[in-house]
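Before we start, here is the structure in question, set down as structure tokens.
The values are calculated or read from the model by the stated rules, or taken from the named source; none is laboratory data. All figures in this text were calculated on a predicted structure; none of them were measured in a lab. Don't worry about glycine lacking a Cβ; one is built from the backbone with ideal geometry, like all the others, and counts go over all protein chains shown.
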Amino acid sequence: MTKCEQFDVVIIGAGISGAIMAQQLGAQQKKVLILEAGTGTDGRFFNNNDKKGYESYMDTFFTAMAKIPNAPFPNNPNAPQPLVTDTRNMSDGKPITNNGYFVQMGPNPFASTYTRSEGGTTLHWLGTCLRMLPEDFKLKTHFGHGLDWPISYDELQPWYEVAETMIGVSANARDQNYQQIDNPAVHIPFREGYDYPMEKIPQSFLDNYMNQGLQGMSVTIDYHHYPIKVVSTPQGRNGMPRGDYRPVGAVGNQNLGQRCAGNSNCVPICPIQAKYNALKTLAQAKTTGFVEVRNQCVVSDMALDEYTHEVKTVIYKQYTDTQTTDYEVKTVSGRIVVLAAHAVENAKILLAAGIANSSDQVGRNLMDHPTMLTWGLMPTDIGAFRGPGSTSGIPSLRGGEFRRKQAAFRIEIGNWGWSWPAGAPISTVPDLIDNKNLYGAELKRAISSVYPRMFRLGFLVEQLPDPNNRVTIDERYKDQLGNYRPVIHYQVTDYTRAGMAQAKQVSDELFAYLGVEAYTQYKQSDPGYVTYQGEGYSYNGAGHLVGTHIMGFNAQTSVVDKHQRSWDHPNLYLVGCGNMPTISTSNPTLTMAALTYWAADNVLKALEQT
Amino acid sequence: MYRLDDFYDLSATLTDYPVTRLIGTGVGNEYNQTLSQWVRQDVLDELYHCFSQLERNNDGQVCPQALRHQLLSNEKYGPIARNIIKMWYLSIWYKMTDNWSMTYGIPAYSSPVIGVESPTPEDYIISNNAYIQGLVWPLMGSHPMGAKQPGYGTWSDAPLNSIASIHLQ
Ligand SMILES: Cc1cc2nc3c(=O)[nH]c(=O)nc-3n(C[C@H](O)[C@H](O)[C@H](O)COP(=O)(O)OP(=O)(O)OC[C@H]3O[C@@H](n4cnc5c(N)ncnc54)[C@H](O)[C@@H]3O)c2cc1C
């Protein structure tokens, strides 16, 4: 081992949470080191001889047969990552230990993934940036289950504004307060006079078609009527700036990515970086001159000071390249240590180190949005396969009294036809040629008359925190560097299944209202096939991994306090969606980013005090 | 380039796109090369001969029924024809059956480029550029996902599918 370097703050993970922390601290001239497990592009956009730039991700994407979220990013056995194609049906009741990175203990498979490369999972996120509802912070109080947050919407509100500005979110506040929806449970108060840094991203032709087609529609749940309203979605994607705000272009080529140009490829990769990714915040962090990012350093352990219980050293394995297992073990120390390695990896590191777990809650309460899809053909050409993945949704059922009995959900309107449910067009056109025996003009007609009408909805259904849904570690399961693979226990309970059943009911009514020809099919062989009251439904992963080191009111029942600090170790802060005690119905990253800005402020104060 | 003109001729009939449109993609050479990489030359010769007979027998216009009878349903030619269509639309070379490859193909293990153990390679995308030129994208009224960006806000416009699929000829 080499001699131990000293920093003000050591951050583990160069994803959005780590980048925000580094940028905020570097701007205040704190000396920061980020240790990042994956490989990186070092601020380059173009390849430079043998040094790869962001464009190398595009090359890999173009020739990848399965265009899954992780397709563009290097397959790196030294920092392995889960793939959606690893997920298997578990109805035979047996654990799956040797298929991909996760060890799946069931009873249901965990279907979500993340990315382990510099920049983290926002390299391939969609960019949806919704705020949570005020009632989402108090589920236990309002509905008698789930958990309350130790922080309220009102307290987080100013940090939402910071996060929306720093990420660069395009939306109109007057749409996003949901005042236009006649369901007070979903109304979100915005500060008087506040607006997002950029105007809303234009809604797709499909959105507008649905908006008109759904006028007057409502659904009934427990004798309550809920209007079905199409609302544009706030997105971390460059649009038309307001006031003197200037969009942040691509890292390594500022002229690119000034506005979304409609590449229709946000997931898995925006070719021009009009979509926000954490490389942008990392670049800002580096320009402070106080932040160093060290790639290919996998943190595996932490050591404590016996007397103060502070984290004394961070221990990592630095490897030379992705294809060999050569590595050196090194240590660093920081006055403060911030764990920002993503919900699952954070829990894994804490469990491996055996720290921060006096509550026994580390790894527990793992949540996601089981995402149920429905799909069909619109009666007319709606111009499918164009624009950002989703530009609008139906938020009407994000909240309401029904949450006592069943899960709330948000409806996402997909702009890319059947690409998610069926892999269209790449996976579906061969069937027209091989089995439907079409060629020439008939084949052309079959494609041009059907594909532009393809339509799908996604229902992001909430899960409640359940201590049995958890990430653990096991000596038997390690990667090639000897680091633990996540062992996952996961179940979709009846509360969520009831929400899926309700969602399907809403979808059926909506299809009937619009005259959609339904093609939805849930097969028993689907990895995420579950039943509820005799009917079958299938879920997919949303990539929204939440709740593995929850914040709470006391050290007995939670891992971090309201300030995002470990209850057990005074110089250890955790950031990321793992801190969130409930998931509710919003994609979690904006809320997590708001919490991270708040956490950075707390770290700064703590540094000043010591 | 082996019998490129014949390749375009056959492709035009199989896809119903004029040869000029196919040449315009700029990747016809790559597809033709791919074909010669996996299909024996004498088999290609026979295929083109069969096709030219169909043209000749019907004054240059291939009769759809004859095409189905002589070519698409033929165990030797059918798989080649379908793979040609799939290359144009999706820019992917699809694995032939082992049996077909052993009889009519150039087994992959004899190829210095790929050198796999099975007689046929797995499905693969022919090249970056070929992916971008796939005919399926404009036919759907769209663009290849991740390339040929149509510009800010274009997704709000009414679809122009009919223009892309018909007038482009
Ligand atoms: C397909 C998909 C779409 C999504 N779309 C949305 C969306 O539209 N809206 C939304 O709100 N959220 C979305 N998400 C979720 C979002 O991407 C995550 O919530 C967010 O990226 C989490 O940020 P993070 O910083 O905690 O982790 P990450 O972004 O995953 O970053 C963690 C970093 O830590 C590094 N790391 C991991 N282990 C170690 C280690 N041992 N040592 C050192 N470094 C380590 C990783 O390599 C990575 O760089 C999506 C996710 C997916 C998969």
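Using beta carbons and a limit of 9 Å, which pairs, at least six apart or on different chains, have the first residue in segment A:104-127 and at positive phi and the second one in a strand (DSSP E or B) and more than 6 Å from the ligand (Cβ to nearest atom)?
A:Gly106/A:Ile96; A:Gly106/A:Ile488; A:Gly106/A:His489; A:Gly106/A:Tyr490; A:Gly127/A:Gln235; A:Gly127/A:Arg237; A:Gly127/A:Lys275
Any residue that is under 25 Å from A:Met65 (Cα atoms), surrounded by fewer than 24 Cβ atoms within 10 Å (Cβ to Cβ) and away from chain B (no Cβ under 14 Å) - is there at least one of those in segment A:413-422?
Taking every residue of segment A:413-422 in turn, at least one turns out to be under 25 Å from A:Met65 (Cα atoms), surrounded by fewer than 24 Cβ atoms within 10 Å (Cβ to Cβ) and away from chain B (no Cβ under 14 Å).
May I ask you to list the residues in segment A:255-305 that are hydroxyl-bearing (Ser, Thr, Tyr), crowded, with 20+ Cβ neighbours inside 10 Å and either within 14 Å of chain B (Cβ to nearest Cβ) or closer than 17 Å to A:Val9 by Cβ (or both)?
A:Ser264, A:Thr281
Criterion first (closer than 26 Å to B:Ala66 by Cβ and in the same structural domain as A:Ala407 (by TED's automatic domain parsing)) does A:Gly458 satisfy it?
no
Do you know which residues across segment B:18-46 are over 14 Å from the mean Cα position of the chain (by Cα) and of a type in the set (A, V, I, L, M)?
B:Val43
Now a separate question. I want to confirm something. Restricting to segment B:154-168 and keeping residues that are part of a helix (DSSP H, G or I) and modelled with pLDDT of 95 or more, which single residue is nearest to the other protein chains (Cβ to nearest Cβ)?
Among those residues, the one meeting the criterion is B:Trp155.
Touching a Phe, Trp or Tyr at 6+ places or on another chain (Cβ under 9 Å), within 15 Å of the ligand (Cβ to nearest atom), over 19 Å from A:Gly18 (Cα atoms) and touching a residue at least 60 places away in the same chain (Cβ under 8 Å) - does that describe any residue in segment A:291-310?
no
Those residues that are part of a loop (DSSP other than H, G, I, E, B) and within 7 Å of the ligand (Cβ to nearest atom), I need them from segment A:576-591; list them, please.
A:Gly576, A:Asn587, A:Pro588
Matching residues to (1) within 25 Å of A:Tyr114 (Cβ to Cβ); (2) touching a residue at least 60 places away in the same chain (Cβ under 8 Å); (3) away from chain B (no Cβ under 14 Å):
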| position | (1), (2), (3) |
| --- | --- |
| A:Ile426 | yes, yes, no |
| A:Met454 | no, yes, no |
| A:Phe459 | yes, yes, yes |
| A:Gln463 | yes, yes, yes |
| A:Asp466 | yes, yes, yes |
| A:Asp494 | no, no, yes |
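Within the group A:Thr122, A:Thr141, which residue is among the hydroxyl-bearing types (Ser, Thr, Tyr) and in contact with a Gly (Cβ under 9 Å, 6 or more places away or on another chain)?
A:Thr122
This table checks each residue for (1) surrounded by 20 or more Cβ atoms within 10 Å (Cβ to Cβ); (2) of a type outside the set (A, V, I, L, M, F, W, C); (3) away from every other protein chain (no Cβ under 14 Å).
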residue: A:Ala356; (1), (2), (3): yes, no, yes
residue: A:Gly363; (1), (2), (3): yes, yes, yes
residue: A:His369; (1), (2), (3): yes, yes, yes
residue: A:Met372; (1), (2), (3): yes, no, yes
residue: A:Met378; (1), (2), (3): yes, no, no
residue: A:Ile382; (1), (2), (3): yes, no, no
residue: A:Arg403; (1), (2), (3): yes, yes, yes
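Right, another one. Given the residues A:Asn76, A:Asn89, A:Asn99, which is the only one that is surrounded by fewer than 21 Cβ atoms within 10 Å (Cβ to Cβ), over 30 Å from A:Ala171 (Cβ atoms) and within 15 Å of the ligand (Cβ to nearest atom)?
None of the others qualify; the one that does is A:Asn76.
Can you tell me which residues in segment A:117-139 are in contact with a His (Cβ under 8 Å, 6 or more places away or on another chain) and within 6 Å of the ligand (Cβ to nearest atom)?
A:Gly120, A:Thr121
I would also like to ask the following. Which one is surrounded by the fewest Cβ atoms within 10 Å (Cβ to Cβ) among residues in segment B:1-21 that are of a type in the set (S, T, N, Q) and within 14 Å of chain A (Cβ to nearest Cβ)?
Looking at the filtered set, the residue picked out is B:Thr13.
Out of segment B:133-142, which residues are touching a helix residue (DSSP H, G or I) at 6+ places or on another chain (Cβ under 7 Å) and facing chain A (nearest Cβ under 7 Å)?
B:Val136, B:Leu139, B:Met140, B:Gly141, listed by residue number.
Examine segment A:514-525 for a residue that is touching a residue at least 40 places away in the same chain (Cβ under 8 Å), in contact with a Pro (Cβ under 7 Å, 6 or more places away or on another chain) and part of a loop (DSSP other than H, G, I, E, B), and state whether such a residue exists.
The answer is yes, given that some residue of segment A:514-525 is touching a residue at least 40 places away in the same chain (Cβ under 8 Å), in contact with a Pro (Cβ under 7 Å, 6 or more places away or on another chain) and part of a loop (DSSP other than H, G, I, E, B).
Give me the residue from segment A:208-230 that is of a type outside the set (Gly, Ala, Ser) and part of a loop (DSSP other than H, G, I, E, B) and, out of that set, surrounded by the fewest Cβ atoms within 10 Å (Cβ to Cβ).
Within segment A:208-230, the match that is surrounded by the fewest Cβ atoms within 10 Å (Cβ to Cβ) is A:Tyr223.
For segment A:40-47, indicate whether the set of residues that are within 12 Å of the ligand (Cβ to nearest atom), closer than 20 Å to A:Val293 by Cα, aromatic (Phe, Trp, Tyr) and touching a residue at least 24 places away in the same chain (Cβ under 8 Å) is non-empty.
No, segment A:40-47 has no match at all.
Is segment B:54-61 home to any residue that is modelled with pLDDT of 95 or more and loosely packed, with under 15 Cβ neighbours inside 10 Å?
no
Six or more apart or on different chains, Cβ under 8 Å: which pairs go from a residue in segment A:10-36 that's more than 9 Å from the ligand (Cβ to nearest atom) to one that's acidic (Asp, Glu)? Could you list them?
These pairs meet every condition: A:Gln24/A:Asp601; A:Leu25/A:Asp8; A:Lys30/A:Asp8; A:Lys31/A:Asp8; A:Val32/A:Asp8; A:Val32/A:Glu292; A:Leu33/A:Glu5; A:Leu33/A:Glu292.
Residues that are among the β-branched types (Val, Ile, Thr) and within 20 Å of A:Ile433 (Cα to Cα), at least 3 per element: which helices (runs of 4 or more DSSP H) completely within segment B:52-153 meet that?
B:78-90
Could you grab me the full set of residues in segment A:592-610 that are within 25 Å of A:Met132 (Cα to Cα), polar (S, T, N, Q) and away from the ligand (no atom under 15 Å from the Cβ)?
Answer for segment A:592-610, where residues must be within 25 Å of A:Met132 (Cα to Cα), polar (S, T, N, Q) and away from the ligand (no atom under 15 Å from the Cβ): just A:Asn602.
Exactly one condition in (1) small (Gly, Ala, Ser); (2) within 14 Å of another protein chain (Cβ to nearest Cβ); (3) assigned to a loop (DSSP other than H, G, I, E, B) is false for A:Ser91; which is it?
In the conditions (1) small (Gly, Ala, Ser); (2) within 14 Å of another protein chain (Cβ to nearest Cβ); (3) assigned to a loop (DSSP other than H, G, I, E, B), A:Ser91 misses (2) alone.
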